[in-house]
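Peer 1: Mind looking over this structure? Questions follow.
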Amino acid sequence: MHLNLRAGERVFINGAVVRADRKVSLELMNDATFLLEGHVLQPDEATTPLRQLYFAAQTMLIEPAQADLARTVYASLQDGILAATAEPAILTGLKAASGLVDAGRPFEALRIIRALFSAEAALIDGPAAMPAPPVARPRPADRLGPRHPADRPCRPHSPAPKADPMAAKVIP
């Protein structure tokens with residue numbers, strides 16, 4: 001397994017934190033559990049049930065000494081989420097993630113849980129989370145000028161007026 005790290009980037013390998021002082025490429029020669037810094041969720045970012053579940057699975061990787069406690073927390077959180085939702089994508093994803101955690105593969109479970117964040121956001125935020133479709137603007141049937149810029153008459157360019165520094169007023 002090859003890992004490419006930028007200067008200052010961290011990676012968590014078997015519970016140890018490794019930081020690169022310059023751009024570096026690492027090759028892991030045996031089985032190791034690792035998590036790149038970009039995929040690490042900070043405690044204050046675990047603000048939704050799925051993010052809390054992700055944090056519990058992440059703890060299994062980052063702090064192997066706390067893995068048993070993290071598994072207990074994971075199971076409790078998962079039971080609560082399963083009881084609270086009927087969303088098919090979330091139910092299917094949680095079942096797959098649970099199987100991976102039970103098999104001792106929390107890294108793969110993290111990928112599945114992270115992919116469910118958008119479905120969770122849509123449930124929490126409701127229809128407002130969905131982007132509005134673009135509004136088509138009516139176009140006039142006939143244009144006032146030629147379509148191609150080369151066919152348009154040239155107008156002399158005048159520079160933009162300079163801002164008057166005395167015109168700015170400070171309102172207390």
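None of the figures in this text is laboratory data; all of them are computed from the coordinates on show. Keep in mind it's a predicted model, so treat the numbers as computed, not measured. Cβ placement follows ideal geometry from the backbone for every residue including glycine, while neighbour counts extend to all protein chains displayed.
Peer 1: So what are the ³J(HN,Hα) numbers for segment 28-34, from phi and the Karplus equation (6.51, -1.76, 1.60; θ = phi - 60°), rounded to whole Hz, Gly and Pro as x?
Peer 2: For segment 28-34, the Karplus curve yields 8, 8, 9, 5, 8, 9, 9 Hz.
Peer 1: Less than 13 Å Cβ to Cβ from LEU77, Lys/Arg counted +1 and Asp/Glu -1: what total charge do the surrounding residues give?
Peer 2: Counting the neighbours of LEU77, the net charge comes to 0.
Peer 1: Still on this structure: Quick check for me: using +1 on Lys/Arg Cβ and -1 on Asp/Glu Cβ, what's the dipole size of segment 17-135 about its Cα centre, in debye to the nearest 20?
Peer 2: Values: 9 positive and 14 negative charges, 43 e Å.
For this selection, approximately 200 debye.
Peer 1: A further question follows. Calculate, in nm to one decimal, what ALA16 and LEU3 gain on full extension: separation in residues at 0.36 nm each, minus their alpha carbon distance.
Peer 2: Extra length from ALA16 to LEU3 when fully extended: 3.2 nm.
Peer 1: Please give the peptides 47-59, 86-98, 2-14 ranked by average Cβ packing (other Cβ atoms within 10 Å per residue), highest first, as a rough proxy for protection.
Peer 2: 47-59, 86-98, 2-14
Peer 1: Quick check: net charge around PHE117, other residues with Cβ under 14 Å of its Cβ, Lys/Arg +1 and Asp/Glu -1?
Peer 2: Around PHE117, the charge tally is -1.
Peer 1: So what are the ³J(HN,Hα) numbers for segment 95-108, from phi and the Karplus equation (6.51, -1.76, 1.60; θ = phi - 60°), rounded to whole Hz, Gly and Pro as x?
Peer 2: Karplus-based 3J(HN,Hα) across segment 95-108 equals 5, 5, 5, 4, x, 5, 5, 5, 7, x, 10, x, 4, 5 Hz.
Peer 1: Would you mind getting the Kirkwood hydrodynamic radius of segment 33-78 from its Cα pairs, rounded to one decimal in Å?
Peer 2: Taking every pair of different Cα atoms in segment 33-78, averaging 1/r and inverting gives 10.6 Å.
Peer 1: Short version: ³J(HN,Hα) in whole Hz for each residue of segment 53-59, in order, from phi by Karplus 6.51 cos²θ - 1.76 cosθ + 1.60 (θ = phi - 60°), x for Gly and Pro, what are they?
Peer 2: Result, rounded to whole Hz: 4, 4, 4, 5, 5, 5, 4.
Peer 1: Just report the Cα centroid separation between segment 76-97 and segment 13-73, whole Å.
Peer 2: Segment 76-97 and segment 13-73 have Cα centres separated by 22 Å.
Peer 1: Tally Lys/Arg at +1 and Asp/Glu at -1 over every other residue whose Cβ is under 12 Å from the Cβ of PHE12; what's the total?
Peer 2: Here the count lands on -1.
Peer 1: Sticking with this one: What nm value, rounded to one decimal, do you get for the distance between VAL24 and ARG105 when each label is placed 7 Å out toward the C-beta?
Peer 2: According to this spin-label approximation, the distance is 2.9 nm.
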